[in-house]
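Report on one structure; see the data block that follows.
The values are calculated or read from the model by the stated rules, or taken from the named source; none is laboratory data. Being a predicted model, the structure only gives us computed values, none of them experimental. Counting neighbours? That spans all protein chains shown, and the Cβs are built from the backbone with ideal geometry, glycine included. Please note that ligands, DNA and RNA were not included when accessible areas were found on the heavy atoms of the full protein model with its side chains. Shrake-Rupley method; radii C 1.70, N 1.55, O 1.52, S 1.80 Å.
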Amino acid sequence: MDGITVIYLVYMFIAFYFLFLFIIIYIQNRKQFFYYPKPNKNYSLSIVIPCYNEGNTIEATVKSVLDAGYKNLKKVIVVDDCSKDNSYEIIKNLEKKYSKVMAVQTPKNTGCAAGSKNYGAKFVDTELIGFSDGDSFIEKGSIDKVVGFFNDKSIGSVTCSVLVENRNKFIEKVQSIEYKVIKFSRKLLEFIDSIYVTPGPLGIFRKSAFDEIGGFDEKNLTEDIEITWHLQAVGYKVKMSVPARAYTIAPSKIKDWFKQRNRWNIGGLQTIAKYNKDWFKKGMLGNFILPFFVFSWLIGLFGLGVLVYRLLRVLILRTFSTTYSIQTQTALIRFEDISLMPNILVFFGLTIFFLSLWFTFLALVNMKEDKHKRENFFVIGFYMIFYVLIYPIILISSAYKFLRGHRKW
């Protein structure tokens with residue numbers, strides 16, 4: 001057995017392991033998928049919204065928080081990070097219009113969302129602190145579906161279903177599928193206490209836990225991943241309320257999409273490097289989250305490597321065999337050389353593909369939406385065949401930039 005076959009089989013084993021793990025978790029917990037507890041008290045809450053050049057969306061974002069309907073919302077603190085557009089002017093007008101809105105501006109541009117979030121957190125004295133991005137919109141009633149999880153004192157933060165708001169362009173529609181699959185997977189990870197990120201569009205934290213860990217890491221490009229790992233490291237749990245929804249503006253251009261995904265992956269690598277010493281320590285952080293994150297990277301990279309190797313090998317062999325056959329005037333293919341016996345490696349590959357396809361459909365079925373139409377089969381097919389194959393290229397680009405010291409937002 002050659003080395004590439006061994007690598008391929010190891011890759012298949014890891015892929016099968018995680019696929020079957022997710023399927024088993026879903027089967028065991030499907031009745032609890034949409035569950036959220038009712039709060040046993042009126043938790044006081046403040047929401048911090050970082051803003052940098054969000055003049056086109058910030059007003060709608062603030063209104064979505066106010067209209068979400070949570071009765072014990074005390075403040076909506078909008079932090080302008082020295083925008084170059086009219087964002088701060090809009091925020092000041094909102095402050096005059098709504099008594100709960102507080103407009104603040106950082107002394108100087110922090111260069112990252114974590115900086116403005118931490119600055120806004122200084123003005124919060126409520127039991128819970130929430131964060132929403134300046135281009136995200138909270139669905140009405142969603143906050144009420146989140147706060148009940150804090151009845152459990154071990155809960156440090158709670159996230160929600162993050163979905164794509166803009167779905168006109170093809171790239172936006174493909175991302176809407178991706179977000180639903182991510183949402184579905186994130187909830188499954190919750191059942192084994194392994195949620196690894198509290199995304200920016202809506203995350204609510206216990207203020208005492210947030211203060212205990214010192215807030216967001218301003219050096220990390222994905223502060224929402226790092227803070228989640230930090231909470232797990234000190235013993236807090238992270239939950240997710242599927243019925244609670246926040247919609248975000250997804251990149252509508254390939255260039256912006258590529259830049260965003262590079263930032264996500266570089267930030268992920270930063271987090272892995274920061275917590276690398278915690279392998280098989282700190283509960284589920286070291287025993288599952290960290291290995292899961294690393295193996296997810298390896299699966300993507302090995303999958304692309306094996307595919308490229310196989311294609312190049314077939315292309316080179318076919319080229320040489322064709323040239324040789326022409327020169328020697330021998331048959332390129334003989335009937336006795338044709339085998340109808342399936343290749344076991346091909347069989348494994350097809351099995352993973354169809355299981356992944358089924359998993360994707362399961363994720364889409366479990367995302368009940370009223371405001372958007374369901375995705376068509378062409379978009380789903382593109383996501384499964386091409387979009388997933390493109391992503392390992394981003395992993396390589398991100399790894400290269402990370403090793404070169406790229407840390408810009």
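State whether the residues of segment 161-170 include one that is within 26 Å of residue 208 (Cα to Cα) and either part of a helix (DSSP H, G or I) or under 22 Å from the mean Cα position of the chain (by Cα) (or both).
Here is the first cut: in segment 161-170, the residues within 26 Å of residue 208 (Cα to Cα) are 161-162.
Remaining after also requiring either part of a helix (DSSP H, G or I) or under 22 Å from the mean Cα position of the chain (by Cα) (or both): 161-162.
Yes, because at least one residue in segment 161-170 is within 26 Å of residue 208 (Cα to Cα) and either part of a helix (DSSP H, G or I) or under 22 Å from the mean Cα position of the chain (by Cα) (or both).
Farther than 22 Å from residue 30 by Cα, modelled with pLDDT of 95 or more and of a type outside the set (Val, Ile, Thr): is that true of residue 145 in this structure? Talk me through it step by step, then tell me what you get.
Working: farther than 22 Å from residue 30 by Cα: no; modelled with pLDDT of 95 or more: yes; of a type outside the set (Val, Ile, Thr): yes.
Judged against the criteria, residue 145 is not a match.
Consider residue 192 carefully, then state whether it is surrounded by fewer than 22 Cβ atoms within 10 Å (Cβ to Cβ) and among the aliphatic types (A, V, I, L, M). Give the steps one after another, and end with the answer.
Numbers: surrounded by fewer than 22 Cβ atoms within 10 Å (Cβ to Cβ): yes; among the aliphatic types (A, V, I, L, M): yes.
So residue 192 passes the test.
How many residues are under 30 Å from residue 128 (Cβ atoms), open to solvent by less than 20 Å² (accessible area, probe 1.4 Å) and among the small types (Gly, Ala, Ser) when one looks only at segment 6-54?
Total meeting the criteria: 1.
Is segment 39-56 home to any residue that is at pLDDT 95 or above, of a type in the set (Phe, Trp, Tyr) and in contact with a helix residue (DSSP H, G or I) (Cβ under 8 Å, 6 or more places away or on another chain)?
Yes: segment 39-56 contains one or more residues that are at pLDDT 95 or above, of a type in the set (Phe, Trp, Tyr) and in contact with a helix residue (DSSP H, G or I) (Cβ under 8 Å, 6 or more places away or on another chain).
Condition first: within 30 Å of residue 167 (Cα to Cα), part of a helix (DSSP H, G or I) and either out of contact with any Gly (no Cβ under 6 Å at 6 or more places or on another chain) or modelled with pLDDT of 70 or more (or both). Can you find one or more residues in segment 308-326 that meet it?
Taking segment 308-326 first, the residues within 30 Å of residue 167 (Cα to Cα) are none.
No, segment 308-326 has no match at all.
Which of (1) open to solvent by 10 Å² or more (accessible area, probe 1.4 Å); (2) within 19 Å of residue 202 (Cα to Cα); (3) modelled with pLDDT of 95 or more is the odd one out, the single condition residue 89 does not satisfy?
It fails just one condition, (2).
Just name the residue that is most open to solvent (accessible area, probe 1.4 Å) out of those in segment 218-236 that are over 18 Å from the mean Cα position of the chain (by Cα) and not aromatic (Phe, Trp, Tyr). Give the derivation first.
If we filter segment 218-236 for residues that are over 18 Å from the mean Cα position of the chain (by Cα), which is where we start, we get 218-219, 233-236.
Those left that are additionally not aromatic (Phe, Trp, Tyr): 218-219, 233-235.
Details: 218: 94, 219: 167, 233: 19, 234: 69, 235: 58 Å².
Only one residue fits best here, namely 219.
Could you run through segment 211-262 and say how many residues are charged (D, E, K, R), assigned to a helix (DSSP H, G or I) and over 24 Å from residue 399 (Cβ atoms)?
So in segment 211-262, the residues charged (D, E, K, R) come out as 211-212, 217-219, 223-224, 226, 237, 239, 245, 253, 255-256, 259, 261.
Of the ones still in play, those that are also assigned to a helix (DSSP H, G or I) are 211-212, 223-224, 226, 255-256, 259, 261.
Now restrict to residues that are over 24 Å from residue 399 (Cβ atoms): 211-212.
Final tally of qualifying residues: 2.
Restricting attention to segment 369-397, and to residues there that are in contact with a Gly (Cβ under 8 Å, 6 or more places away or on another chain) and buried (at least 17 other Cβ atoms within 10 Å of the Cβ), which single residue is modelled with the lowest pLDDT?
Ranking the qualifying residues of segment 369-397, first place goes to 392.
Would you mind telling me which numbered condition in (1) in contact (Cβ under 8 Å) with a residue 40 or more places away in the chain; (2) farther than 15 Å from residue 155 by Cβ; (3) open to solvent by 10 Å² or more (accessible area, probe 1.4 Å) residue 214 fails?
Among (1) in contact (Cβ under 8 Å) with a residue 40 or more places away in the chain; (2) farther than 15 Å from residue 155 by Cβ; (3) open to solvent by 10 Å² or more (accessible area, probe 1.4 Å), residue 214 violates only (1).
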